[in-house]
Amino acid sequence: MEAVKKIRVLQTIRQGKIGGGESHVLDLVRYLDKELFEPVVLSFTDGPMISSLAELGIPAYVIYTERAFDLSVWRQVKQFLRKQQIDIVHVHGTRANTNVLWAAHSLGLPVIYTIHGWSFHDSLPTWNRKARILAEKFITRRTRLNITVSDANHATGVRTFGHFESLVVKNGVNLDKFNRNGHYPDVRAAYGIPDHHIVIGYIVRITEQKDPLGMLRAYAKVCAVNKEVTLLMIGEGDLKEAAIKLAGELGISKRVIFDNFRQDVPAVLHAVDIYCLPSLWEGFPIGVLEAMAMGKAVIASDVDGTREAVEDGISGLLVPPRNEAALVDALQLLIQDEALRLRLQENAAKRVKANFDVRDMTHRIETVYQQLLAQL
């Protein structure tokens, strides 16, 4: 009996560092049905994701560039696609799309574009925002299918471009990895955090989007009235040095523990009581889902896809972005009201298990691949 040819799917993303989009790709290739699909990953920078893929036995390659629309790599990408005998190209994020789209089109390959949050946002200078809107409009109209990770992102596309179509497939979380009942190393002890402290976790890229400086200013006010709290800031980014400096200026350096990204995020989440993500904008934050899966009380900004993940007052607390007073109030409430904190934790874990299992997300995407090939 002749073996059925497997579908070779390229997953491509802009960088090898671990973030929301990269976690999405790792989980997607982990759970794809290997009887039907052969995943291959292309990243445009090296990083821990490449090592993680190697451990999974997934072929992963790097063609280096940190620029969008980098014509110098387009032919190299085309040669790569041809050599790998790719059937479907699945791009994650704007930069990856702009550097793969021409090559895929020239070979007649269908392109699926997952938008993990739009590249344009209100914090950008007007000229930059307009340029990014034009770029997104251009590439979304040249892909075979667009996938948005939240209803809010779909609505933004329709509102901004006038004509925009996408399939909404919300992110999922790996419930095997993020298991609240698992056994983990004692991260608190490793950092020297007293057992009786309430630990606030900020585990994310330390960039403008995640408002680390607002986080610290709010936390300083919390510290003024709570002596038994510790803030754990895990991550890297272009605002990290500014964040460390601000902590010193606010006089809270001894109350904040800074560390670089860690691969054992479940262990870190296990150590915290409150997960805080004061983002200015989001697609559909996987970090929030991971914290909820681990049974943590979440405080997050009331933006885009976040409000689709967290039910305010039921499975977490939502606060307006850039509103440090509201963030202080939410932190104080959860620090002081243990019963509320425990109730949010339980509801958060139940909500993720019922609605955001990565296996369900992967199955939907597998169906998309099969339908797409059937149409060719």
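The values are calculated or read from the model by the stated rules, or taken from the named source; none is laboratory data. Fair warning: this is a prediction, and the values are worked out from it, not measured in the lab. Reconstructed Cβ throughout: ideal geometry from the backbone, glycine too, with neighbour counts over all protein chains shown.
Figures for the structure shown
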| item | result |
| --- | --- |
| Pairs, first more than 24 Å from LEU317 (Cβ to Cβ) in the range 343-366, second part of a helix (DSSP H, G or I) and hydrophobic (A, V, I, L, M, F, W, C), C-beta under 7 Å, six or more apart | THR362/LEU28; ILE365/LEU28 |
| Tally, over the range 156-187, of residues that are among the small types (Gly, Ala, Ser) and surrounded by 15 or more Cβ atoms within 10 Å (Cβ to Cβ) | 3 |
| Tally, over the range 101-153, of residues that are at positive phi and buried (at least 21 other Cβ atoms within 10 Å of the Cβ) | 1 |
| Residue satisfying condition, being more than 15 Å from VAL40 (Cα to Cα) and touching a Ser or Thr at 6+ places or on another chain (Cβ under 7 Å), within set TRP127, TRP102, TRP118 | TRP118 |
| Qualifying residue in the range 178-192 (condition: in a loop (DSSP other than H, G, I, E, B), closer than 22 Å to ILE244 by Cβ and of a type outside the set (Asp, Glu)) | yes |
| Residue in the range 341-356 that is farthest from the chain's Cα centre (by Cα), counting only those that are surrounded by 21 or more Cβ atoms within 10 Å (Cβ to Cβ) and more than 15 Å from VAL272 (Cα to Cα) | VAL352 |
| Residue under evaluation TYR369, criteria (1) under 25 Å from the mean Cα position of the chain (by Cα); (2) surrounded by fewer than 19 Cβ atoms within 10 Å (Cβ to Cβ); (3) under 24 Å from GLY172 (Cα atoms), criterion not met | (2) |
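Each row is one residue, and each column tells you yes or no for (1) closer than 25 Å to ASP302 by Cβ; (2) not assigned by TED's automatic domain parsing to the domain that holds MET361; (3) not aromatic (Phe, Trp, Tyr).
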{"site": "TYR113", "(1), (2), (3)": "no, no, no"}
{"site": "HIS116", "(1), (2), (3)": "yes, no, yes"}
{"site": "SER123", "(1), (2), (3)": "yes, no, yes"}
{"site": "TRP127", "(1), (2), (3)": "no, no, no"}
{"site": "ALA131", "(1), (2), (3)": "no, no, yes"}
{"site": "ALA135", "(1), (2), (3)": "no, no, yes"}
{"site": "THR143", "(1), (2), (3)": "no, no, yes"}
{"site": "ASP151", "(1), (2), (3)": "yes, no, yes"}
